[in-house]
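Each value in this text was obtained by applying a stated rule to the coordinates, not by laboratory testing. This structure is a prediction, so every number in the text was calculated from the model and none was measured. Here the Cβ positions follow ideal geometry from the backbone for every residue, glycine too, while neighbour counts run over all protein chains shown.
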Amino acid sequence: MDVDKIAQLVNESLTSHELDDCFLIEVKINGNRVEVYLDSDDQVTFVKCRKVSRDLEEVLDNNKWFGEKYTLDVSSAGVGRPLMFPRQYMKNIGRTISVKSVEGEKYNGKIVSADDDGIEIEWVDVVKEGKKKKKVNKKTGVAYNQISEARIKVSFK
């Protein structure tokens, strides 16, 4: 059993349950352990995960792809996982993000816009002018193909 087949089954399940707001982030297979991570334009609920899990269990049980004993976990991607798809950036507009570019540049700021090509990030920089420090608003655009890793920064303020 390969990752692509599981991904296909997950996408079929999402479609059959009309979960258009949900999308597959990642499938991991390690021995007899299958992990499926979902995200949503709204939120990934327990009920949504359970629907996908039951559909997968039925196929896995009927076909015995992992034998009698296997572990299947279907869950939300969670805030600690890297962003991988434009939909994830779009749903997080207004939140603080940490971005590493493929050139090694690092940005920490707020996502002010996102589209199918990339994001725009805004942050405040402290610049020294003579003996005084001045806060300067900065903004940059980053294309998705220039991002090596991006994670939402959780704030508990």
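Where a ≥ b ≥ c are the square roots of the eigenvalues of the C-alpha gyration tensor, would you call the chain rounded, which needs a/c under 1.5, or, failing that, prolate if a/b is larger than b/c, or oblate? Here the chain falls in the prolate category.
Given the options LYS128, LYS51, LYS64, state which has the largest fluctuation in a GNM of the chain using a 10 Å cut-off (strictly under) for Cα springs. Answer for the Gaussian network model of the chain: LYS128. Once the Cα atoms are used to define both axes, helix 46-63 deviates from the longest principal axis of the chain by about 40 degrees.
Find how much the distance from GLU35 to ASP125 grows on full extension, using 0.36 nm per residue of separation minus their present alpha carbon separation; answer in nm with one decimal. Don't jump to the answer; show the numbers that get you there.
Values: separation 90, 0.36 × 90 = 32.40 nm, distance 4.02 nm.
Difference between extended and current length: 28.4 nm.
Rounded to the nearest 20 debye, the dipole size of the chain about its Cα centre is 1540 debye, using +1 on the Cβ of Lys and Arg and -1 on the Cβ of Asp and Glu. Farthest towards the positive end of the charge dipole of segment 1-82, among the residues VAL59, SER40, LEU72, is the Cα of LEU72, using unit charges on the Cβ of Lys, Arg, Asp and Glu.
Cβ crowding within 10 Å ranks LYS131, LYS138 as LYS131, LYS138, fewest other Cβ atoms first.
Once each part is reduced to its C-alpha centroid, what is the distance from segment 130-157 to segment 26-43 in angstrom? First find each Cα centre; the distance between them is then 29 Å. Label-to-label distance for VAL79 and ARG50 is 2.5 nm, based on points extended 7 Å past Cα in the beta-carbon direction.
Neighbour counts of other Cβ atoms within 10 Å put SER155, SER76 in the fewest-to-most order SER155, SER76. Against the chain, whose longest principal axis is taken from its Cα atoms, helix 3-16 shows a tilt of about 90°. Here the contact order of segment 68-141, divided by its residue count and restricted to Cα pairs under 8 Å and six or more residues apart, works out to 19 percent. Extension gain, GLN146 to THR71: 0.36 nm times the residue separation minus the Cα-Cα distance gives 23.4 nm. Arranged from fewest to most other beta-carbon atoms within 10 Å of their beta carbon, PHE85, PHE156, PHE23 become PHE156, PHE85, PHE23. Extension gain, VAL3 to SER113: 0.36 nm times the residue separation minus the Cα-Cα distance gives 36.4 nm.
Plainly put, segment 3-76 has a radius of gyration that is 0.94 times its Kirkwood radius, both from alpha-carbon atoms, as the Rg/Rh ratio.
Assuming a ≥ b ≥ c are the square roots of the Cα gyration tensor eigenvalues, decide whether segment 78-117 counts as rounded (a/c under 1.5), prolate (otherwise, with a/b larger than b/c) or oblate. Rounded.
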